[in-house]
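**Student:** Just passing along the structure, written as structure tokens.
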Amino acid sequence: MWIINGAISRILKRSEFSRQRRKVAVRAMRFITTLVAAIITFVIWGVEQESVLVVASSLLTILGVAFFAQWSLLSNITSGLILYFNNPMKIGSKIQLLDKDFPIEGTVDDITMFFVQIKKEDGTLITLPTNVFMQKAISVQD
């Protein structure tokens, strides 16, 4: 597993992806590698396919109910994906959140699936949920 992670990291460092995109790509590749390893282990152990499908469908049902119960969590994940693929700003961009009541101006410190962290000039770190970040007007000053 660590050999694959090292190879992925070396390949991504040679590319011109930003740090955030490399982190997401490494996470995705770790997930895929773990999934393939689990499938190979199930085949070697001789686990019946029906048993695996019952467990997988039960887990997906539980996740579906949990996501429905936590609708804001699902909207944060969706907003995080939108920010990842349709990237209006990047880490290090100076931005201004154009909000009438609470205007925020600073530098984007980190973008995750759930939160965007903005560092103000005085060093204050502000963390906003991605769904709130997507709803506000933003001025990017690169």
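**Student:** Select from segment 100-139 those trypsin sites (Lys or Arg not before Pro) which occupy a DSSP coil region and have at most 16 other Cβ atoms within 10 Å, ordered by residue number.
**Tutor:** LYS100, LYS120, LYS136
**Student:** While we're here: What is the helix-to-structure angle for 19-45, meaning the angle in degrees between its Cα long axis and the longest Cα principal axis of the chain, kept from 0 to 90 and rounded to the nearest 10?
**Tutor:** Helix 19-45 and the main axis of the chain meet at about 10 degrees.
**Student:** Placing one identical point scatterer on every Cα of segment 2-69 and ignoring solvent, what is log10 I(q)/I(0) from the Debye formula at q = 0.14 Å⁻¹?
**Tutor:** Log10 of I(q)/I(0), two decimals: -0.65.
**Student:** How big is segment 89-140 by the Kirkwood estimate over distinct Cα pairs, in Å?
**Tutor:** Result for segment 89-140, one decimal place: 10.8 Å.
**Student:** For the chain, what mean projected area does the convex hull of the alpha carbons give, in nm²?
**Tutor:** On the way: hull surface 46.0 nm².
Computing the convex hull of the Cα atoms and averaging its projections yields 11.5 nm².
**Student:** Let me ask something additional. Quick check on the chain: helices-only [θ] at 222 nm, where DSSP H runs of length 4 and up contribute -39,500 (n - 2.57) each and the sum goes over total residues. Nearest 500, please.
**Tutor:** Working: 5 runs with 82 residues, N = 142.
Theoretical 222 nm ellipticity from helices: -19000 deg cm²/dmol.
**Student:** Residues with amide H under 5 Å of GLU105's amide H, sequence separation 5 or more or different chain, H placed in the peptide plane at 1.01 Å from N; which?
**Tutor:** Result for GLU105 returns LEU97.
No lab work stands behind these numbers, since they all come straight from the coordinates. What you see is a predicted model, and the numbers here were worked out from it, not measured in a lab. A quick note on method: Cβ atoms are made from the backbone with ideal geometry, for glycine too, and the neighbour counts reach across all protein chains shown.
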